[in-house]
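Notes for the one structure printed next.
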Amino acid sequence: MQNATVFVDLLDAADNLSLDEQETLVEILQHRMAEHRRAELTKEIKEAEQEYRSGQCRPVTPDELMGEVLS
């Protein structure tokens, strides 16, 4: 419930900003979200590379992959 209160407080604070400030806030948040997504993707790639190096996975052809998915 605390997170919901904080979120509502943030929305209320954003309402008190000028339109230009709100647009800047949105741009900043979008930039931060993109950076966060990139960081998550980088982490997932490193984990996948480690799994591959340790032999936990093997390369497959697209046909093999689709066969596994559809079975």
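The values are calculated or read from the model by the stated rules, or taken from the named source; none is laboratory data. Remember, predicted model here, so these are calculated numbers, not experimental data. Glycine gets a Cβ as well: all are built from the backbone with ideal geometry, and neighbour counts include every protein chain shown. Accessible surface is based on the protein model in full, side chains and every heavy atom, while ligands, DNA and RNA are left aside. Shrake-Rupley method; radii C 1.70, N 1.55, O 1.52, S 1.80 Å.
I'd like the full set of residues that are of a type in the set (Gly, Ala, Ser) and over 30 Å from residue 13 (Cβ atoms), limited to segment 26-70.
Start the filter on segment 26-70 by keeping residues that are of a type in the set (Gly, Ala, Ser), which leaves 34, 39, 48, 54-55, 67.
Selection gives 48, 54, 55, 67.
Counting the residues of segment 19-71 that are surrounded by 10 or more Cβ atoms within 10 Å (Cβ to Cβ) and hydroxyl-bearing (Ser, Thr, Tyr) gives 3. Filtering segment 2-18 to residues that are assigned to a helix (DSSP H, G or I) and open to solvent by 100 Å² or more (accessible area, probe 1.4 Å) leaves 2, 3, 7, 10, 15.
Look through 35, 51 and report the one residue that is assigned to a helix (DSSP H, G or I), modelled with pLDDT of 95 or more and within 24 Å of the chain's Cα centre (by Cα). Show your work before the answer.
Details: 51 fails: modelled with pLDDT of 95 or more.
Sole residue among the options that is assigned to a helix (DSSP H, G or I), modelled with pLDDT of 95 or more and within 24 Å of the chain's Cα centre (by Cα): 35.
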